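Student: This structure is in structure tokens; I'll ask about it shortly.
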Amino acid sequence: MKWLSFLHFYQPADQQKDILEAVVSQSYLPVFKSINASKFGSQSINISGSLLELLDNNGYHDLLGMVKKSLKEGKIELTGSCKYHAFIPLVPETEVYRQIVKNEETLSFYFGNTYKKAGFFPPEMAYSGILPGMLEELGYKWLILDEIAYAKEIASPSDDKLYRIKDSGLGVFFRNRRLSNLVMSAVVRSKATLDPAIKDIIPRTYVVTGMDGETFGHHRPGLESLLGEILNSKKPYSTMSISDFLNTCSRDLTTETVVPRESTWASSPRDIERGSQFLSWLDISNPIHGYQWDFFKFVLNLFYKVPESSDNYDELKNKMDVAMSSDHFWWASAKPWWSLEMIEQGAFRFLDIVKNIHGISDNDISTAQKYYQLIVSTAFEWQRTGKVRQMAKEQNEATRIPFKERTYDKGGHQRGVWEGFMHLIKKEEARAVKNMEYEKAILWRDALFKLEHKLDIYDMINAIDLLRLEIGNEEVEKILNKYTEKYHKIRGGQPEQRG
């Protein structure tokens, strides 16, 4: 199997130096050291232009040299994107175009002719219908989206097809959520535990994963060692950049025409059904988001009136680009992401732009200050009154139903499902203790407690999902059949008797 591995590297344009230092030392340096030391395969990578400048301005020239070396040796390819991580579906088309071009210019500045334009990564894998025509015009061949963008309700993207966006020549590759989340969650930390967990995926022609580069070492300490093992794998899979796969392995695959739906790599089916697939950036029930986007539009319209001959036009344009970053919208979602600092910083950027426009009216400055105060004061009120915690709790409760409620509490056949899973978890706990895998034993012990007390809704990966990864669906189903058999025997045929 060809593993088409995509990694996304990004930090805010004015990231604090201590945080940047931690990310570089814990993640970026180990990751590119592993890539440069790898003997096989290649990766598709996105490094935003703003991050390249941030690394340069803070003296991380050794890291930039490592990236350039891996690019020159063909171990990575670099994708296009928006330079300052703008959220494409909610930003004017002209601004999206300019940010893409600015990103290309930055990549060319740092890497020269070794940067070859081919693939495109929309920040957050946020898809908009404006992209195909724009990307084709700019010379891109493909883009990467999450599998939820594949708009077929009863099917998933196939492993033996290529995909092309309707009415264009632009290819699209769909990220496999299960495998991406399996790695990102650090449920598996070595190839020895990864391979059995994905044995059903391995027979495929290819699979695409997409995750943040910071996952390895920064978000998940120690996980960079797994990345090294994956990079150096030849069997049962080997990594390959998307463009290399297109050029060398796709000849015998059929092509399906698709119309991707607007979504992100964070969207859920329920979000899409409700038309709230961009919830983390624009939630119509969140007044802070409303103030932020109104402020954005107000400032952008003022900027459009600034003549290019103005002596600080370029400075204002750069400030506007940075302020367009998706970060401060995301951190204002409170479902569950929240940061007063990032919210204030985003609002201040807009205010700063207005104050630096030559000849700006007192009325416009007053309006900008009111927007700033609305955003910051509302955010502080939410923090002080506990509204943020309440919103996060409601989000968790809305997205997860305790496993015990879905099984044991329903009685009948479903009670057998509960008993079967409890048996499996206790068995895995005992096996972990026997193998002296004490961290894993604690995980299973805690899982039993959480499931029994209906606390599993707060877990990123539920213990039930983890069981299926650990021992495989076939073994799970065998045990469940055993535990539910007695309920099948006593279940009657009338609806009121069915469990």
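The values are calculated or read from the model by the stated rules, or taken from the named source; none is laboratory data. Just so it is clear, the model here is predicted, and its values are computed rather than measured. Please note: Cβ atoms are built from the backbone with ideal geometry, for glycine as well, and neighbour counts cover all protein chains shown. To get the accessible areas, we keep the full protein, side chains included, count just its heavy atoms, and leave off ligands, DNA and RNA. Shrake-Rupley method; radii C 1.70, N 1.55, O 1.52, S 1.80 Å.
Student: I want the antiparallel fraction of DSSP beta bridges within region 139-275, as a percent rounded to 5. Please report the intermediate quantities before stating the final value.
Tutor: On the way: 1 of 12 bridges.
Bridges in region 139-275 that DSSP calls antiparallel: roughly 10 percent.
Student: What number do you get for region 285-335 when its Cα radius of gyration is normalised by 2.2 N^0.38 Å, N = residues?
Tutor: On the way: Rg = 13.2 Å, N = 51, 2.2 N^0.38 = 9.8 Å.
Scaled against compact globular proteins, the figure is 1.34.
Student: For region 179-278, what is one quarter of the convex hull surface built on the Cα atoms, given in nm²? The partial results should precede the final answer.
Tutor: Working: hull surface 33.3 nm².
Orientation-averaged projected area of the Cα hull: 8.3 nm².
Student: Can you tell me, using C-alpha contacts under 8 Å and at least 6 residues apart, the relative contact order of region 287-395 as a whole percent? If you can, show how the numbers build up before the last one.
Tutor: Values: 100 pairs, mean separation 35.8, N = 109.
Relative contact order here is 33 percent.
Student: Which order do the peptides 331-342, 138-149 take when ranked by the mean count of other beta-carbon atoms within 10 Å per residue, highest first? Before the final figure, lay out the partial values.
Tutor: Numbers: 331-342: 18.8, 138-149: 21.2.
Ranked from most to least packed, the peptides come out as 138-149, 331-342.
Student: Quick check on the chain: of the DSSP beta bridges with both residues there, what percent are antiparallel, nearest 5%?
Tutor: Values: 2 of 33 bridges.
Counting DSSP beta bridges with both partners in the chain, the antiparallel share is about 5 percent.
Student: Given 0.36 nm per residue, what is the gain on full extension from residue 430 to residue 340 after removing their alpha carbon distance, in nm?
Tutor: Result for the pair: 28.0 nm of gain on full extension.
Student: Sorting 308, 437 by accessible area (1.4 Å probe), largest first, what list results? Let's see the in-between values first.
Tutor: Details: 308 145, 437 80 Å².
From most accessible down to least: 308, 437.
Student: List the trypsin sites (Lys or Arg not before Pro) in region 1-40 that DSSP assigns to loop (not H, G, I, E or B) and whose Cβ has at most 12 other Cβ atoms within 10 Å. Which are they?
Tutor: Answer by residue number: 39.
Student: Quick check: with the 1.4 Å probe, what order do 344, 73 take by accessible area, largest first?
Tutor: Greatest to least solvent exposure: 73, 344.
Student: Ok, one more. Along the positive direction of the dipole of region 1-97 (beta-carbon charges: Lys, Arg +1; Asp, Glu -1; about the Cα centre), which of 38, 22, 5 reaches farthest?
Tutor: The one lying farthest along the dipole's positive direction is 38.
Student: Only four residue types carry charge here, +1 at the Cβ of Lys and Arg and -1 at the Cβ of Asp and Glu. Report the dipole size of the chain about the Cα centre in Debye, rounded to the nearest 20.
Tutor: Values: 64 positive and 67 negative charges, 383 e Å.
Result for the chain is approximately 1840 debye, rounded to the nearest 20.
Student: For region 2-272, count all C-alpha to C-alpha pairs, find those more than 27 Å apart, and express that count as a whole percent of the total.
Tutor: Numbers: 12697 of 36585 pairs.
The calculated P(r) of region 2-272 puts 35 percent of pairs beyond 27 Å.
Student: Let me ask something else. Given bins 5 angstrom wide, list per bin the percent of all Cα-Cα distances in region 233-306, short to long.
Tutor: 3, 11, 11, 11, 12, 12, 11, 10, 9, 7, 3, 0
Student: Could you tell me how many degrees, from 0 to 90 and to the nearest 10, lie between the Cα long axis of helix 61-72 and the main elongation axis, the longest principal axis, of the Cα atoms of the chain?
Tutor: Long axis of 61-72 versus the principal axis of the chain: about 70 degrees.
Student: If a/c stays under 1.5 just call it rounded; otherwise compare a/b with b/c (prolate if a/b is bigger, oblate if not). Do that for region 53-163, with a ≥ b ≥ c from the square roots of the Cα gyration tensor eigenvalues. Please report the intermediate quantities before stating the final value.
Tutor: On the way: a/c = 2.14, a/b = 1.51, b/c = 1.42.
Prolate, since a/c reaches 1.5 and a/b exceeds b/c.
Student: Once Lys and Arg get +1 and Asp and Glu get -1 on their Cβ, which of 228, 354, 377 lies farthest toward the positive end of the dipole of the chain?
Tutor: Going by the charge dipole, the pick is 228.
Student: Between 301, 425, 279, whose Cα lies farthest towards the positive end of the dipole of the chain when Lys and Arg beta carbons carry +1 and Asp and Glu beta carbons carry -1, centred on the Cα centre?
Tutor: Going by the charge dipole, the pick is 425.
Student: Now, a different point. What fraction of the DSSP beta bridges in region 63-185 is antiparallel, stated in percent and rounded to the nearest 5? Walk me through the intermediate numbers first.
Tutor: Values: 1 of 9 bridges.
So the antiparallel bridges amount to about 10 percent of the total.
Student: Compute the length gained on full extension between residue 360 and residue 105: take 0.36 nm times their separation in residues and subtract their Cα-Cα distance, giving the result in nm to one decimal.
Tutor: Details: separation 255, 0.36 × 255 = 91.80 nm, distance 3.13 nm.
Full extension from residue 360 to residue 105 adds 88.7 nm.
Student: Hey, another quick one. Report relative contact order for region 151-295 in percent, whole number only (criteria: Cα-Cα under 8 Å, sequence separation at least 6). Intermediate values should be presented prior to the final figure.
Tutor: Working: 118 pairs, mean separation 39.7, N = 145.
Relative contact order of region 151-295: 27 percent.
Student: Here's another thing I want to ask about it. What's the FRET efficiency of residue 200 with residue 409 using the Cβ-Cβ distance as r and R₀ = 35 Å, to the nearest 0.05?
Tutor: Once rounded, the FRET efficiency stands at 0.70.
Student: For the chain, just list the percent of Cα-Cα distances falling in each 10 Å bin from zero outward, please.
Tutor: 4, 17, 26, 26, 17, 8, 3, 1, 0
Student: For the chain, what is the calculated [θ] at 222 nm in deg cm²/dmol (nearest 500), taking -39500 (n - 2.57) for each run of four or more DSSP H residues and dividing by its residue count? Before the final figure, lay out the partial values.
Tutor: Values: 22 runs with 255 residues, N = 499.
Taken over the chain, the calculation gives -15500 deg cm²/dmol.
Student: How high is the relative contact order of the chain? Use alpha-carbon pairs under 8 Å, at least six apart in sequence, and give a whole percent. The partial results should precede the final answer.
Tutor: On the way: 745 pairs, mean separation 75.8, N = 499.
Computed value for the chain: 15 percent relative contact order.
Student: Rounded to the nearest angstrom and ordered from largest down, what semi-axes does the equivalent ellipsoid of region 287-395 get from its C-alpha gyration tensor (root of 5λ)? All intermediate terms of the calculation are to be shown ahead of the outcome.
Tutor: Numbers: eigenvalues 172, 36, 17 Å².
Gyration-tensor ellipsoid for region 287-395: 29, 13, 9 Å.
Student: Another question about this same structure. Please give the charge dipole size of region 287-395, origin at the Cα centre, charges +1 on K and R Cβ atoms and -1 on D and E Cβ atoms. Round to the nearest 20 debye. All intermediate terms of the calculation are to be shown ahead of the outcome.
Tutor: Numbers: 12 positive and 14 negative charges, 114 e Å.
Dipole about the Cα centre, nearest 20: 540 debye.
Student: Follow-up. Out of the chymotrypsin sites (Phe, Trp or Tyr not before Pro) in region 18-54, which ones are loop residues according to DSSP with at most 16 other C-beta atoms within 10 Å? Write down the numbers at each step before the final one.
Tutor: Values: sites: 28, 32, 40; in loops: 40.
Sparse-neighbourhood loop chymotrypsin sites (Phe, Trp or Tyr not before Pro): 40.
Student: Then there is this: How about region 182-287: which trypsin sites (Lys or Arg not before Pro) there are in a DSSP loop, with at most 15 other Cβ atoms within 10 Å of their Cβ?
Tutor: Values: sites: 189, 191, 199, 204, 234, 251, 261, 270, 274; in loops: 189, 199, 204, 234, 251, 261.
Sites meeting the loop and neighbour criteria: 199, 234, 251.
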